[in-house]
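Working notes, beginning with the structure itself.
The values are calculated or read from the model by the stated rules, or taken from the named source; none is laboratory data. Computed from a predicted structure; not experimentally measured. Here Cβ is always computed from backbone atoms with ideal geometry, including for glycine, and neighbour counts include all displayed protein chains. Calculation scope for accessible area: heavy atoms of the full protein, side chains included, ligands and nucleic acids excluded. Shrake-Rupley method; radii C 1.70, N 1.55, O 1.52, S 1.80 Å.
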Amino acid sequence: TLKKALAEAIQSAPPRKEQAPLRLPVDRVFSLPGVGTVVTGTLAAGTLRVGDPVALEPQGLASKARTLQNHSHKIESALPGMRLAVNLPGIEVEAIERGAVVSAPGSLSATTLADVQLSLLATAPRALEHRERVRVHLGTGETLARLHLLEREAIAPGDTEVPAQLLFESSVAPARGERLVLRTYS
């Protein structure tokens, strides 16, 4: 029953955007002897080929995809939705952390401010207040931000498409239209 439900959900899911700029949120980073720095993640958008130049945001670093692996098998190119390990020469492992994004050079920029449209679940236990401190889950990262509501003082449970700004406490690199999750600070 579960397998059937998953197969049906996959059929109704919107297609991944192969033509969109490359976006690979990093969920793990490590170093291998003789190989160097490797990052892993699920390719969220775009395609990636061996030798392609890449940027790491919000760190502002540049490299290229020396090798690609999908479930321990070397591959030459990757499509959206694939799990990947990417070897990034010339970057120290300490310079990257979970939440970084491997992207096409120039397609993303580091920022501490983002315009968003928020919806609060109808089952939320309380409203979110203007200037409230929140946790933001974006890609594979988590950061703190201050919520700035643009048209009201609070978002009530069940409210949708409320314009707001998030002032992040550390740099992030969101893509246009990328979804995120807010949680209360506590």
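Out of the residues in segment 79-90 meeting the condition of being modelled with pLDDT under 95 and of a type in the set (A, V, I, L, M, F, W, C), tell me which one is farthest from residue 49 (Cα to Cα).
In this case the residue turns out to be 82.
When the residues of segment 116-149 are narrowed to those that are outside any strand (DSSP E or B) and among the polar types (S, T, N, Q), which ends up surrounded by the fewest Cβ atoms within 10 Å (Cβ to Cβ)?
123
Of 45, 55, which residue is in contact with a strand residue (DSSP E or B) (Cβ under 7 Å, 6 or more places away or on another chain), modelled with pLDDT of 95 or more and of a type in the set (A, V, I, L, M)?
Result of the check over 45, 55: 55.
Of the residues that sit in segment 60-97 and are charged (D, E, K, R) and in contact with a Pro (Cβ under 9 Å, 6 or more places away or on another chain), which one is nearest to residue 175 (Cα to Cα)?
The extreme case among them is 64.
Can you name the condition, by its number, that residue 115 falls short on among (1) at pLDDT 95 or above; (2) more than 30 Å from residue 147 (Cα to Cα)?
Condition not satisfied by residue 115: (2).
Considering only residues that are part of a loop (DSSP other than H, G, I, E, B) and open to solvent by less than 30 Å² (accessible area, probe 1.4 Å), look in segment 21-43 and name the one that is nearest to residue 110 (Cα to Cα).
It comes out as 22.
Do you know which residues across segment 57-78 are of a type outside the set (D, E, K, R), surrounded by 14 or more Cβ atoms within 10 Å (Cβ to Cβ) and outside any strand (DSSP E or B)?
Within segment 57-78, 58, 59, 65 meet the criteria.
Among the residues in segment 65-75, are any hydrophobic (A, V, I, L, M, F, W, C) and either within 19 Å of residue 178 (Cα to Cα) or touching a residue at least 40 places away in the same chain (Cβ under 8 Å) (or both)?
no
Any residue at all in segment 18-41 that is at pLDDT 95 or above, small (Gly, Ala, Ser) and within 21 Å of residue 98 (Cα to Cα)?
Yes, segment 18-41 contains at least one residue that is at pLDDT 95 or above, small (Gly, Ala, Ser) and within 21 Å of residue 98 (Cα to Cα).
Kindly establish whether residue 54 is surrounded by fewer than 16 Cβ atoms within 10 Å (Cβ to Cβ) and β-branched (Val, Ile, Thr).
No: the conditions fail for residue 54.
So, in segment 150-186, exactly how many residues are open to solvent by less than 50 Å² (accessible area, probe 1.4 Å) and without any contact (Cβ under 8 Å) to a residue 40 or more places away in the chain?
4
Take the residues of segment 79-99 that are in a loop (DSSP other than H, G, I, E, B) and of a type in the set (Gly, Ala, Ser): which is most open to solvent (accessible area, probe 1.4 Å)?
90
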